[in-house]
Structure formats: C-alpha cells, structure tokens
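To start, the structure itself, in structure tokens.
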Amino acid sequence: MKPEIQLIQLFLWVCGVYDKHPTLKYQRWSPNPNQPLFTDQEALTVYLFGLLQCHFKQKAIHRYVQEHWGAWFPQLPSYQAFNHRLNLLNEVWPVLLGELWGELELPGVANGVDQLLDSLPIMLAVRNRSYHAKVACDLADQTFCESKKLWYHGVKLHLLGAKQYRQMPVPLSLCLTEASRHDLPVLKEQIFVPLSGTLFGDKAYCDPATKQALATQGTTLCTPDKKEKGQTVYRVGQSGLWSRFVSAMRQPIESFFNWLLDKTDIQNAAKVRSSEGLLVHCYGKLAAAFYLLCFNP
C-alpha cells in the first residue's frame, strides 16, 4: 500500500473512533474554547503513521513527518510540544486498541481451541542502570529476566492467544503488570480467563493447584516438566519428549512476540521519561501492531 493511501486511511479511522466516542473530545479541559490548530486526531495519526513506517522513537517520528509530510501537517508543533501532547493523550490509546481489537477477525476461536500464554518484558533500564532507575515507579519496578539473563527496570506484557494453523495466534486478551509480577499469579487470579480447551504455557505456569482449578472450568493446562535444582534427569513418569512437545506447541506465541518486536520495537523503552510516556509507548505500539493485523493482513 502506498504511504499516502495508508496515511489517509489511518486519519479517517482515527477520526471515526473520535466520532464514535464523543467523550474523547472532552477528555482534556482547557480555558481556550477554540480547537487547537494541530488536533488530537492529527497527533495520534502522526504517531501511528510514524510507527507503521518503522520509526520507533518519537523524535524520529516527528523528524520524519516534518521532513517528508510537512505539507500534510502544516501546523505540526515542535518536538517538545508534540511529545507533551502525546503524553496528555495517554488515556486515549487503550480506547484505540479496544476498537482495533473489535475489528480482529477470530476464525475458529471458540471453546476447544488450543490457547497459548506467555509474557514479554518491556525495559526502561537494564543492568546497572536498573538499580537506580526512577522512571514510572508507580507502574514499573526491577526484576531479573531469566531468558535474557539480566536485571531490568520496566513492565511486563502478558498475552493470551488462540492458536491458528500455520498463522500467528489471534490475541484474546492482554494486560500490563510491573516487571516483578510473576507470570503464574496473572493466571491464578483469573486476570485471564481461558476458554475451554487446552492451554499451553512455559515452566512459570507449572502449579498443580492452578492446573486443577482450570480443569474444573474445562481447561487443560500443559506445561513442560520441571527439574529440581541440581537434578540432571527427569523424574519417573516425566520425559524430555513431553517438554519438547509443549515447546513446539508454544512456538507460535514466540513468533508473535518476535513479529511485535520487529514491527514496533516495543521492548526498548529506554527513552521513556514518565508514567504517561510509558503508557503511550506500550499502548501506542500495541495499537500500531493491531492496526497491521486488522488492515494489512
């Protein structure tokens, strides 16, 4: 699709969401009764369009639009004002994401479908910097990332998806938690409510009580066999073949996260400087990814 066509479609879609949710037009109060020269709809469109053109930092997005699309946005403010405007609109992004979620086609998603559950770290600071990080402390904290073998300060994206044949899984639900929140409580406290069927997770979700509770709801939880610390062989009745099978079944959600990183670079939040900026970073990039899923399959 040509960029100009994509830009027009994106702007019309954002305006349509604002018309559908009139409260968005009044979510910021100002003594100035007039509309700003650079509208909120334009600000959202510029940010999303920049992401869709693979510019992942706000400064890069602003520079790209200013240099190549300045005639389309003659009232584009300075970078500082643009960044401030996006932060003021942090509560709008979940609404946009919800609208995109409603556009997703869910073929074959019903009780009995295989489901996949995993989490992705979103990092504000890593290694030594994580010990002194103070950005968005009301939303983020420090923990150790086992997969990357490093300490980081940030949040964690939890995603439940429905498995599809030879395609990426369809997202069913997601949530953001502080980085130190273990994956198991997200499932245990029913933040996610899986459909009846089979649910595949990694070793973090291995818990007999949770497995039994899900079984009463008609959901079979499948996780790899865990070895105790220092144990070199599996216990009697356990097998590495089962663990490899579960890992193979979970591979599509790993592919989804890799696709998400490639399209949005959501894991790298090193330039975020506030809680509002973190929400824009997370929900804005998720909205861009879901826009691709909906309108550029």
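Full extension of the chain between ARG244 and TYR64 gives 60.3 nm of extra length, using 0.36 nm per residue less the Cα-Cα distance. For the chain, give the share of DSSP beta bridges that are antiparallel, in percent and rounded to the nearest 5; count only bridges with both residues there. Percent antiparallel among DSSP bridges in the chain is about 75. If the chain linking GLN75 and HIS182 were pulled fully straight, counting 0.36 nm for each residue of separation and taking away their Cα-Cα distance, it would gain 34.0 nm. With both labels modelled 7 Å from their Cα along Cα-to-Cβ, the TRP259 to CYS175 distance reads 2.5 nm. Put simply, the amide H of ALA125, placed in the peptide plane, has neighbours under 5 Å in HIS153, leaving out anything fewer than 5 places away on its chain.
The GNM of the chain, with springs linking C-alpha atoms under 10 angstrom apart, assigns the highest mean-square fluctuation among PRO22, PRO77, PRO121 to PRO22.
Of the DSSP H helices in the chain, those that are both long (alpha-carbon extent of 24 Å or more along the helix axis) and hydrophobic (Kyte-Doolittle mean at least 0.5) are 3-20, 275-295. With a Förster radius of 25 Å applied to the beta-carbon distance between ALA270 and LYS226, the computed FRET efficiency rounds to 0.15.
Taking springs between alpha-carbon atoms closer than 10 angstrom, which of GLY161, GLY102, GLY284 fluctuates most in the Gaussian network model of the chain? Per the Cα network of the chain with a 10 Å cutoff, GLY102 tops the list.
Normalising the average separation of contacting C-alpha pairs (under 8 angstrom, six or more residues apart) by the number of residues puts the relative contact order of the chain at 20 percent. Highest GNM mean-square fluctuation among LYS163, LYS25, LYS149, for the chain modelled with Cα contacts below 10 Å: LYS149.
Backbone amide hydrogens, once placed in the peptide plane, bring ASP225 within less than 5 Å of SER243, excluding anything fewer than 5 places away on its chain. Computing FRET efficiency as 1/(1 + (r/R0)^6) for LYS211 and ASP138, where r is the C-beta to C-beta distance and R0 is 45 Å, gives about 0.85. The simple Förster model, with R0 at 45 Å and r as the Cβ-Cβ distance, assigns HIS84 and GLU146 a FRET efficiency of 0.75.
Read-outs: derived from the displayed coordinates by stated rules, not from any lab. Just so it is clear, the structure is predicted and the values come from calculations on it, not from any experiment. FYI the Cβ positions are ideal-geometry reconstructions off the backbone, even for glycines, and counts take in every protein chain you see.
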